[in-house]
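In what follows, a single structure is set out as structure tokens and then discussed.
What follows is calculated from the coordinates using simple rules that are stated; it is not laboratory data. Owing to the predicted nature of the structure, the values given are computational and were not obtained by experimental measurement. Glycine also receives a Cβ, built like all others from the backbone with ideal geometry; neighbour counts cover every protein chain displayed.
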Amino acid sequence: MTENDGTPDFSNWSCPLPLADYPTIVMGHGGGGKLGNELVEHLFLPAFRNPALENLGDAAVLDLGSGRLAMSTDSFVVQPLFFPGGSIGELAVNGTVNDLAVSGAEPKYLSASFILEEGFPLSRLAAIVEAMAEAAATAGVRIVTGDTKVVEHGHGDGCYINTAGIGVLRQGIVVGPHRAQPGDAVLVSGTIGDHGMAIMSVREGLEFESPIRSDCAALNGLIAEVLEAAGDAVHAMRDPTRGGLASTLNEIAQASGVGIEIDEPSLPVRAEVQSACDLLGLDPVYVANEGKAVFFVAPEAVPAVLRILRAHPLGRDAARIGQVTAQHKGMLVARTGMGANRVIPTQIGEQLPRIC
Amino acid sequence: MKYLTEFRNGEIAQRMAREIRQIATRPWKIMEVCGGQTHSIIKNGIDQMLPATIEMIHGPGCPVCVTPLELIDKALAIAAQPGVMFCSFGDMLRVPGTEADLFQVKGAGGDVRVVYSPLDAVELAVRNPDKQVVFFGVGFETTAPANAMSAHLAKRRGLKNFSLLVSHVLVPPAIEAIMGSPGNQVQGFLLAGHVCSVMGYWEYPPLAEKYGIPLVVTGFEPLDLLDGIRRCVMQLEAGRHEVENAYERIVTFDGNQAAQKLLAEVFEVTDRAWRGIGVISKSGWRLSEAYRAFDAEERFHITGIHTEESPLCRSGDVLRGAIKPAQCAAFGKECTPRHPLGATMVSSEGACAAYYNYGRFLSAEELAGAGAALTGAGHD
């Protein structure tokens with residue numbers, strides 16, 4: 001390492017223009033990048049600190065004596081509310097189900113809270129609720145409690161949803177973002193960037209021969225099969241949502257104190273997603289997914305896990321994309337298609353479309 | 001999607017890199033003009049494939065980076081005004097002005113919007129007659145036709161609530177400025193492919209003649225860049241100095257004549273300040289007399305702008321190709337994408353940000369070590 005171990009230290013910051021220390025919330029704080037991480041590490045974690053929170057996993061693991069529970073929560077503010085491949089309803093259910101599932105738990109119960117804007121059409125709410133019911137049935141979870149609030153016109157964006165979920169942790173399974181080990185293979189369950197580009201294409205009016213569809217799906221079934229077959233050979237799992245694959249891999253590299261290497265040409269990316277990304281100057285590794293999981297697996301279990309993934313409808317395009325190393329700790333490095341290397345950092349905030 | 005994969009083929013790239021190694025017998029310094037090319041070179045690691053004797057110097061072709069601080073401050077002042085919808089390309093939002101950036105203006109209640117096309121801003125003006133819609137029209141010749149079209153449409157529709165904050169810059173005067181600067185080391189140029197798709201390359205033969213330098217119109221994909229570099233090196237080795245087109249699938253000699261006609265109608269040549277470099281005479285466009293009514297600088301009389309650049313920032317030296325980003329003392333220390341001191345650290349096309357983001361602060365051994373164990377991935 002030279003001056004820097006990949007997690008830049010700002011403690012001796014002496015900039016004459018201390019601009020990026022935003023005194024107000026900016027959109028980047030919700031972008032799944034460094035700004036959001038800093039909010040968690042410098043504000044929420046110190047205020048709420050306790051052993052269950054400290055792991056900063058997708059779900060908290062709670063030991064109740066009689067068994068271990070996982071608990072997670074997520075809020076959904078997506079626009080547009082309906083998009084090719086799903087709606088905010090499916091997202092709200094699958095998002096929390098997936099956070100529980102990648103923590104090694106079997107998702108059981110969800111809560112659902114709605115913040116609705118005055119004037120929001122009831123027919124649209126009904127369509128959202130129907131989508132949630134269907135998604136819950138597919139995932140095998142029950143929505144057992146909820147709440148509704150209405151805000152004045154202009155104070156919300158139609159419909160916001162929060163879901164929280166509880167799941168039961170499997171006996172003998174301990175996975176977590178801090179458990180990746182040098183030598184582990186990194187697998188992804190399918191193509192990356194589909195959800196983010198589906199949303200972006202609707203927002204920007206990009207039209208393709210076949211529209212890009214969100215990959216929104218509940219992964220608990222797929223993950224259950226993987227855990228059943230590979231058990232404790234699976235060290236870490238994550239669903240790379242906001243901030244995309246790059247943010248997820250960087251988080252795991254930092255939590256586990258390891259380096260991660262990926263082979264860029266091996267990343268499964270749909271041609272139309274790559275195309276849309278190129279058009280807008282975005283990199284698919286930073287684009288959100290809502291139905292994909294990343295697995296850190298002991299090398300001897302890789303063939304079995306890949307076989308299981310590829311036999312499942314949600315894992316058909318699964319691929320081995322790289323591995324964990326003891327070098328360049330806390331960093332994600334990619335081998336490019338040209339055979340060169342580059343570091344893939346965590347984004348600061350949102351990925352910004354380039355000018356030309 | 002053949003057009004993508006065809007120009008990203010690693011094996012062909014290796015073959016082209018080998019060919020460049022074979023023909024290069026002496027050290028050469030080549031500048032890629034455009035920030036998009038810099039981004040692609042660093043992202044794909046093209047520079048790592050070249051022989052050590054070929055040095056790529058990253059040019060001033062990042063529109064975000066060269067937009068003067070004063071104009072950024074004007075943009076911030078206009079965007080903060082009530083009743084204004086301020087529209088911009090995405091990566092202008094994070095560029096630091098003297099005291100804030102557009103994200104902060106947005107967070108404080110300013111109506112700041114990211115649009116992909118200035119024509120979307122015209123639509124916003126039509127749909128919001130009670131708002132003043134301003135588009136931040138920055139960029140080189142590439143973005144100019146759409147900006148010109150937005151002014152043209154606004155005029156045709158008689159829109160009174162649409163204006164452009166213009167800071168267009170031009171490639172040929174920048175090349176002249178670089179070639180004429182004391183201590184210049186650039187021996188050949190990769191011309192910006194997308195600028196030439198608009199303007200053609202009829203402007204460049206006099207430059208090749210005057211300075212005795214090869215100029216190769218070059219694209220942005222890995223194979224495009226390698227081909228541009230290869231042709232430039234071949235000319236240098238042979239002592240030739242011609243304008244050559246290595247981006248024939250997009251660029252013609254005459255360029256897009258309809259666009260050039262519109263540009264001539266909407267814009268006129270003006271002296272322009274380049275951030276980090278200074279004023280280059282006749283190096284930009286402003287709205288012509290016939291379109292002056294759509295000039296946001298005329299519509300919003302912003303005064304009292306006092307700009308202050310960081311004394312640590314050496315983005316001017318980086319933009320001129322005098323130093324590599326990592327040679328700046330503030331690089332990766334006081335200045336990071338999280339806390340940019342200058343615009344070259346902000347845009348992903350900026351040379352400093354490209355170096356930082358793609359880990360060019362690591363030593364070559366560390367990067368090589370990182371890749372050594374990778375060969376097994378992806379073949380299960």
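Points to keep in mind about this one:
- By the Cβ distance rule of under 4.7 Å, chain B has these cysteines without a partner: B:34, B:87, B:196, B:232, B:313, B:328, B:335, B:352.
- Diffusion coefficient, µm² s⁻¹, Stokes-Einstein with Kirkwood Rh over alpha-carbon pairs of segment B:134-198 at 20 °C and 1.002 mPa s: 154 µm²/s
- Expected 222 nm ellipticity per residue - DSSP helices of 4 or more, -39500 (n - 2.57), all of chain A, to 500: -8500 deg cm²/dmol
- For segment B:245-313, applying the loop criterion from DSSP together with a ceiling of 16 other beta carbons within 10 Å to the GluC sites (Glu not before Pro) yields B:248, B:308.
- For the protein assembly as shown, a crude dipole built from +1 on the beta carbon of Lys and Arg and -1 on the beta carbon of Asp and Glu, taken about the Cα centre, is about 600 debye to the nearest 20.
- From phi via Karplus (6.51, -1.76, 1.60), per-residue ³J(HN,Hα) for segment B:113-127 in Hz, x at Gly/Pro: 10, 8, 10, 8, 9, x, 5, 5, 5, 4, 4, 4, 5, 5, 7
- If the convex hull is drawn through the Cα atoms of chain B, its volume per residue in Å³: 161 Å³
- Residues A:106, A:300, A:290, sorted so that the one with the fewest Cβ neighbours within 10 Å comes first: A:300, A:106, A:290
- Cα extents for the protein assembly as shown along the principal axes, largest to smallest and rounded to whole angstrom: 83, 63, 51.
- Inverse of mean 1/r across different Cα pairs in segment A:222-356, Kirkwood, Å: 15.7 Å
- Cα centroid of segment B:44-89 to Cα centroid of segment A:65-107, whole Å: 38 Å
- Counting neighbouring beta carbons within 10 Å and listing from fewest to most, the residues B:196, B:352 come out as B:196, B:352.
- Reducing segment B:211-250 and segment A:120-155 to their Cα centroids gives an inter-centroid distance of 58 Å.
- Dipole axis of segment B:184-322 (+1 Lys, Arg; -1 Asp, Glu on Cβ), positive-most option in B:223, B:189, B:290: B:189
- Segment A:179-210 and segment B:298-312 have Cα centres lying 41 Å from one another.
- Largest-first principal axis extents of the Cα set of segment A:158-220 (Å): 47, 34, 17
- Average other protein chain Cβ within 10 Å of Cβ, residues A:325-338: 6
- Using only side-chain charges placed at the Cβ, +1 for Lys and Arg and -1 for Asp and Glu, the dipole size of segment B:222-261 relative to its Cα centre rounds to 80 debye.
- Leading residue at positive end of dipole, the protein assembly as shown (Cβ point charges), from B:37, A:78, A:22: B:37
- Base-10 log of normalised Debye intensity for segment B:162-285 (one unit scatterer per alpha-carbon) at q = 0.16, 0.21, 0.22 Å⁻¹: -0.85, -1.29, -1.35
- When each of B:114, B:95, B:105 is scored by the number of other beta-carbon atoms lying within 10 Å, the sequence from fewest to most is B:114, B:105, B:95.
- The relative contact order of segment A:86-232 comes to 36 percent, based on Cα pairs under 8 Å that sit 6 or more residues apart.
- For segment B:107-147, the Kirkwood hydrodynamic radius comes to 11.4 Å, computed from all pairs of different C-alpha atoms.
- Surface/4 estimate of mean projected area, convex hull on alpha-carbon atoms of segment A:177-280, nm²: 7.5 nm²
- Under Stokes-Einstein, with the Kirkwood radius over Cα pairs as Rh, the value for segment B:315-359 at 20 °C and 1.002 mPa s is 216 µm²/s.
- Net charge dipole, chain B: roughly 240 debye, given to the nearest 20, about the Cα centre with Cβ charges of +1 for Lys and Arg and -1 for Asp and Glu.
- DSSP-assigned coil residues among GluC sites (Glu not before Pro) in segment B:43-105, each with at most 14 further Cβ atoms within 10 Å: B:99
- Share of pairwise Cα separations in segment A:109-231, more than 17 Å, in percent: 73 percent
- Near residue B:272, the amide H atoms lying under 5 Å from its own belong to B:280, B:282, B:283, B:284; only residues 5 or more places off or on other chains count, and H is placed 1.01 Å from N.
- Shape of chain A, Cα gyration tensor, a/c cut at 1.5: rounded
- Its convex hull of Cα atoms gives segment A:56-131 a direction-averaged projected area, equal to a quarter of the hull surface, of 6.3 nm².
- Per-bin percent of Cα-Cα distances, segment A:78-171 [5 Å]: 3, 14, 24, 24, 17, 10, 5, 2, 1, 0
- DSSP bridge pairs, the protein assembly as shown: antiparallel proportion in percent, nearest 5: 55 percent
- Restricting the calculation to alpha carbons of segment B:257-303 gives Rg and Dmax of 12.5, 38 angstrom.
- Each of A:114, A:299, A:182 was scored by the projection of its Cα onto the charge dipole of chain A, and the greatest displacement toward the positive side belongs to A:299; charges sit on the C-beta of Lys, Arg, Asp and Glu.
- Evaluated at q = 0.14, 0.19, 0.30, 0.32 Å⁻¹: base-10 log I(q)/I(0), Debye formula over Cα of segment B:20-59: -0.30, -0.53, -1.05, -1.10
- As a calculated quantity, the FRET efficiency between residue B:26 and residue A:117 at R0 = 56 Å, using C-beta atoms, amounts to about 0.25.
- Length gained on full extension, residue A:311 to residue A:22: 99.3 nm, using 0.36 nm per residue less the C-alpha separation.
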